[in-house]
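The values are calculated or read from the model by the stated rules, or taken from the named source; none is laboratory data. Fair warning: this is a prediction, and the values are worked out from it, not measured in the lab. Here Cβ is always computed from backbone atoms with ideal geometry, including for glycine, and neighbour counts include all displayed protein chains. These accessible areas exclude ligands, DNA and RNA; they are computed on the full protein's heavy atoms, side chains included. Shrake-Rupley method; radii C 1.70, N 1.55, O 1.52, S 1.80 Å.
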Amino acid sequence: MIETGAVFFPLLGAIIAGFFGRSLGDRGAQLVTVGCMALAAACGVALFFDVAFAGNARTVVLATWIDSGSFEANWALRYDTLSAVMVGMVTFISTLIHIYSVGYMSHDRSIPRFMAYLSLFTFAMLMLVTADNLIQLFFGWEGVGLASYLLIGFWFDRESANRAAMKAFIVNRVGDVGFALGICGVFVLTDSIAFDAVFAALAGHGSTMVSAFGGEVRAVELCAVLLFIGAMGKSAQLGLHTWLPDAMEGPTPVSALIHAATMVTAGVFLVARMSPLFEMAPVALALVTIIGASTALFAATIGCVQNDIKRIIAYSTCSQLGYMFFAAGVSAYPAAIFHLFTHAFFKALLFLGAGSVIHAMSDEQDIRRMGGIWRKIPATYALMWIGNLALAGVPFFAGFYSKDMVLEAAWGAHTAVGQYAFWCGIIAAFLTAFYSWRLLILTFHGEPRADHHVMEHVHESPPVMVLPLVVLAIGAVFAGAVFYEPFVGHHWQDFWRTAIVVAPGNDAMENAHHVPLWVKWLPVVMGVSGIALAYALYMGAPGLPARIAARFQGVYQFLLNKWYFDELYDALFVRPSMVIGRALWKGGDGAIIDGFGPDGIAAAAKATASKVVKLQTGLVYHYAFAMMIGIVVLVTLFATGRF
């Protein structure tokens, strides 16, 4: 019962609120969805301890989904340690976000629809992480994409929200093409899409070659790269990241759900789930490491100059996902999932805390128009401090344990790409601490920069919004210390068992426990340095940042405009597509197909009819003259013998 309850209670809540929301009313829809999520969380947490700690892994087959010839796919729920960790975390965090939404969305006009979408999103993510085969995983993958489209564009009367939803949907489809091709490649290679059968068959295909890109490549490398392209789109890695900051157009609970526990972590989960494949593909692993490390650094640089409170946290998410990927790239999958796990607590805390600030500031999101509010919302202020301390990796908060483990594993890999990832991560750690305290100082400290009317109405959020923040803060403080030993300690294999596979010789996890002392303390030093710099610039000399930006205007604009990726893609893809589309529309469809087809035939018939109708004048002598002409023609034909 708990195996199916953890997954299907959110779906039940979504169906009831979605189809019967008008009958239930706002309060009824909230009670149903929150109640169903609470039941799912109870099941998910119970499974987490039963499967991950007690070792009672199992697979629950619900039905035969596809049975065609030799191809068979079951609809099943796979509960091993990896799935159990994800299910427990997703259901727990999502329940808190549902509760928070009761207060945050209390004045919205479409509460049942919003709560139904939230629950549907959670169900899709749970289907993804409990999948027993690649087809079922793809179902959850696309379900998450659909639900994210609905949630990002929830306020559909805003043009910016519609554009953001379309952008997220389209960019993710680019990655999904790679994912779908990867699934096809795995099936062609192993004749199966069920995980156990695929992993068992891979051992015999390590040297299988295929023709691709004008040459011969190893099939496992090609499949791994294609699957990683799908992960890049869903987890907003460098190149397919442009949708992530725009997703902030959705309501704040949506931002927390997408960025903390669900959609963006799906790519990291996919790489960890397919670890037996990636361990046979060193080139793909190197690519994962390089892309992840580059993303961590790239997103951190942008976060330093953004002014929208939610976008700063969004780029922080993008950067932290880079950490997770380069950990997976050096075969430290447990470290990647550990950081994913702790990140869910402090990132959800930061997003919901930002929502509390926005709620207090009458929907203002620009930190340049805030300041001087910490005394008016002390609970939110304290909780945001906890979230930022965890994000910056300050001892002994959750992020300290997981981020340091990721960096130590990168160093312990003793490879060139591992060293690249380590130093990118170190620089990103400094920048993360800097922009986190820049956000805190500009939001809460200094002189008030909002107008007098807004400042008069600044108030603390209601208990229904603050309580979830308190629970998340407890996780942000203690999750790292409590779960460090089972997740990434010396005996991590006993915890993860067969859910994660690391090839012999890939010793990053073991070496991480034996790195030099300076490697362990350097991230802390960089974090404290970033905090100190933010204090010096924004508390000690608040006018200095503007002068620095003016002095280095080119660099500032480059970062403020997000490395001009949107402009680049607009020039390379959007505008040419618009030109081609317009040419095909006007020239092809309009001029040729319609011109010679329906429109052309209709125009010819109309022209002919307009000329023929002129013969009908209504004058008798015209008709008599026409009859005489006819008689003359007939007589002529008879006379010449041609009739």
Rg over Rh of region 92-141, using C-alpha atoms and the Kirkwood radius, what does it come to? 1.12
Using eta = 0.890 mPa s and T = 25 °C, Stokes-Einstein with Kirkwood Rh from Cα pairs puts D for region 529-572, in µm² s⁻¹, at 203
Excluding ligands, DNA and RNA, what is the solvent-accessible area per residue of region 333-454 at a probe of 1.4 Å, expressed in Å²? 28
Want the number for Phe558 to His414: 0.36 nm per residue separation, take away the alpha-carbon distance, what's left? 48.5 nm
Highest-first arrangement of 449-456, 602-609, 94-101, where packing means the average Cβ count within 10 Å: 94-101, 449-456, 602-609
Counting pairs of Cα atoms in the chain, how many percent are more than 33 Å apart? 49
Leaving out same-chain residues fewer than 8 places away, which lysines sit with a Cα under 30 Å from that of Lys310? Lys167, Lys234, Lys347, Lys376, Lys403, Lys562
Stretchable slack from Thr242 to Asp108, in nm (0.36 nm times residue separation minus alpha-carbon distance): 45.4 nm
Set of aspartates and glutamates with alpha-carbon distance to Lys614 below 13 Å, sequence-local pairs under 8 removed: none
I'd like the distance separating the alpha-carbon centroids of region 32-96 and region 312-357, in whole Å. 22
Which of the lysines could a cross-linker bridge to Lys586, judged by Cα under 23 Å and excluding same-chain residues fewer than eight apart? Lys606
So what is the relative contact order for the chain, in percent, with contacts set as C-alpha pairs under 8 Å and at least six apart? 12
Can you give the Rg to Rh ratio for region 506-596, taking only C-alpha atoms and Rh from Kirkwood? 1.38
Please list the helices of the chain that count as membrane-span-like by this rule: a mean Kyte-Doolittle hydropathy of at least 0.0 together with Cα atoms stretching 30 Å or more along the helix axis, each helix being a complete DSSP H run. 2-47, 81-104, 159-190, 282-303, 309-329, 333-360, 416-444, 463-488
